[in-house]
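First up is the structure itself, then whatever we jot down about it.
The values are calculated or read from the model by the stated rules, or taken from the named source; none is laboratory data. Worth saying up front: this structure is predicted, and the values here are computed from it rather than measured. Cβ coordinates were reconstructed from backbone atoms using ideal geometry, including for glycine residues, and neighbour counts include every protein chain displayed. Note: areas computed on protein heavy atoms with side chains; ligands, DNA, RNA excluded. Shrake-Rupley method; radii C 1.70, N 1.55, O 1.52, S 1.80 Å.
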Amino acid sequence: MNINKSLRVIFVEVLGILIGILSALVVPKVLDLGSYGYLKTFTLYVGFAGMMHFGFSDGMYLILGGKDIENIKKEKIKGYFYVMLKIVVSLVVVLLFVSIFLIKDMAFRYFVFYILPFQVVLFISLLYRATGEFNKYVVIRVAQNIVMLASVLAVIFIVKSPILYMQIQVIGNAVMAIISTVLIMNSAKKAEKIKYPEIKSITSMGFTIMIANTVSLLFFTMDRWFVKFKFTVNDFAFYSFAVSMLSLFLVLVNSVTVLFYPYLAKNKGDEKVVSKVKKYIILICSFAPAGYFVLEFIVDNMLKKYILSLEVLGILIIGIPFICLTNVLYANLYKVGKRGKEYLFVASKMVVLAFVLNVFAAYVLKDSVMIAYATLITLIVWYVYSSFDFKGLEIHKNEIIHFVIYIVSYQIIRIIPFPSLIKAFIFLLCMVLSEYILFNSDFKDIISMIKNRNALKD
């Protein structure tokens, strides 16, 4: 893996995090709870926009993973693009009728308009990700960050309404889609005709992954659906705010996911590589809960009306290492190994477990905070369950001890009566000591890579 390219991607994602911080901290401040809840309803819909290609784009991502883009015929790529357009346009037409006659919700209507441009941008993003063209991928992410920033600033300074946010999202993605389409169109004089057997093969391969990704997404959004339908509008706003805070960290998770797929594809079957990646994820992501104390300081001093969100955030943030292992490592290994059906089966079982626990939390305990605990428990179960599916991912004694220290120290530090930023420092110190003692060689490897950015290359 080329560290310099990786750092460019991570740098762009950090910019996205800064915009996310602005959105997460300021937008709730300028919108009332009802408007903020409506805005989060739109973003909840948008989370499912990625499944609207019926698996074709995901299939293309799988078959091109680890290949050099220069060795792929441009006519073939253009042909794939046309196939994707036909699939998505057909679905959008159907959903447009649904939005007119059945689901008469403005948030859903804007979601329908959002789908086609999003899918065009997604197609070219997946193309660049699969082939390791991260310099070009970074350009797309910069454009997406600009659209997000424009949406946030418009709500803050122009009209304090979620509608304007939705409009800018649709228009901004449409502009990116037009530019992406021009790039594809000009890449070759004509498109290669993709025959039905190949379309079927690619779609069937990607459909399983798409459904598995969608099931995984359902898992990560199920808690909010329960809060939305079972509890009050204010409860949903508080819970959504906590998830927005958590998503600031998950932006980096997605960037790491992007980087590791072509890397794992090129090192398919190498247990040592898999084991190393797992340890690095654990060691790096274990520092994430320190961010909770920083956010606690910000909320206590700037957003007092969202203080009730801190309890939910304090629970969910513990799950970041387990989310990273699930999304960055396990999901990519299922894809690299063409084990889509197995990935779907595992994700489905985790959704069932999450559903049962959420039902218990919502209807028996009747507490939205308990829903956060239900999500955390399921994340830990998923981490343990999938560790048996791949060689090199076995859970070792030092790993268990580290996670015990991780959870116990975090919970103790949360309740001690120290200033938030002091608690963040204490937690970081605990993690450094734990990792240095339990993962000495791996910890030193990470420090060495930070000092020498060229330590890893393709």
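Can you work out which of the residues in segment 44-84 that are hydroxyl-bearing (Ser, Thr, Tyr) and touching a helix residue (DSSP H, G or I) at 6+ places or on another chain (Cβ under 8 Å) is most open to solvent (accessible area, probe 1.4 Å)? The extreme case among them is Tyr45. When the test is whether a residue is under 20 Å from the mean Cα position of the chain (by Cα), farther than 19 Å from Gly50 by Cβ and either small (Gly, Ala, Ser) or modelled with pLDDT under 90 (or both), Val155 does not pass it.
Out of everything in segment 390-410 that is charged (D, E, K, R) and not in a helix (DSSP H, G or I), what residue ends up being nearest to Leu429 (Cα to Cα)? First the steps, then the outcome.
Initially, segment 390-410 is screened for residues charged (D, E, K, R), giving 391, 394, 397, 399.
Checking which are not in a helix (DSSP H, G or I) leaves us with 391, 394.
Numbers: Lys391: 32, Glu394: 27 Å.
Filtering first and then ranking leaves Glu394.
Listed by first and then second residue, the pairs linking a residue in segment 158-175 that is more than 15 Å from Tyr45 (Cα to Cα) to a residue that is among the hydroxyl-bearing types (Ser, Thr, Tyr) and surrounded by 16 or more Cβ atoms within 10 Å (Cβ to Cβ), with Cβ atoms under 6 Å apart and 6 or more places separating them unless they lie on different chains, are Ile168/Ser151. Considering Asp445, Asp458, the condition of being open to solvent by less than 60 Å² (accessible area, probe 1.4 Å), modelled with pLDDT under 90 and not β-branched (Val, Ile, Thr) is satisfied by Asp445 alone.
From the list Gly340, Gly319, Gly314, Gly291, the one residue that fits, being under 17 Å from the mean Cα position of the chain (by Cα) and touching a residue at least 60 places away in the same chain (Cβ under 8 Å), is Gly319. Output yes when any residue across segment 137-148 is among the hydroxyl-bearing types (Ser, Thr, Tyr), surrounded by fewer than 15 Cβ atoms within 10 Å (Cβ to Cβ) and out of contact with any His (no Cβ under 7 Å at 6 or more places or on another chain), and no when none is. No, that holds for no residue.
A single member of Ile194, Ile171, Ile179, Ile184 is of a type in the set (Val, Ile, Thr), assigned to a helix (DSSP H, G or I) and touching a helix residue (DSSP H, G or I) at 6+ places or on another chain (Cβ under 7 Å), and it is Ile184.
For first residues located in segment 139-157 and over 15 Å from Ile171 (Cα atoms), partners that are of a type in the set (Gly, Ala, Ser) and at pLDDT 85 or above and lie 6+ apart or on another chain with Cβ distances below 6 Å form the pairs Ile140/Ser125. Number of residues in segment 393-426 that are open to solvent by 70 Å² or more (accessible area, probe 1.4 Å), β-branched (Val, Ile, Thr) and modelled with pLDDT under 90 equals 1.
Residue by residue, here is whether (1) closer than 30 Å to Thr375 by Cβ; (2) open to solvent by less than 50 Å² (accessible area, probe 1.4 Å); (3) touching a Cys at 6+ places or on another chain (Cβ under 9 Å) holds:
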position: Ser151; (1), (2), (3): yes, yes, no
position: Gln169; (1), (2), (3): yes, yes, no
position: Asn186; (1), (2), (3): no, no, no
position: Ala212; (1), (2), (3): yes, yes, no
position: Thr221; (1), (2), (3): yes, yes, no
position: Trp225; (1), (2), (3): yes, no, no
position: Lys230; (1), (2), (3): yes, no, no
position: Asn234; (1), (2), (3): yes, no, no
position: Phe238; (1), (2), (3): yes, yes, no
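Among the residues that make up segment 87-105, is at least one of them surrounded by fewer than 18 Cβ atoms within 10 Å (Cβ to Cβ) and under 24 Å from Val243 (Cα atoms)? Scanning segment 87-105, I find at least one residue that is surrounded by fewer than 18 Cβ atoms within 10 Å (Cβ to Cβ) and under 24 Å from Val243 (Cα atoms), so the answer is yes.
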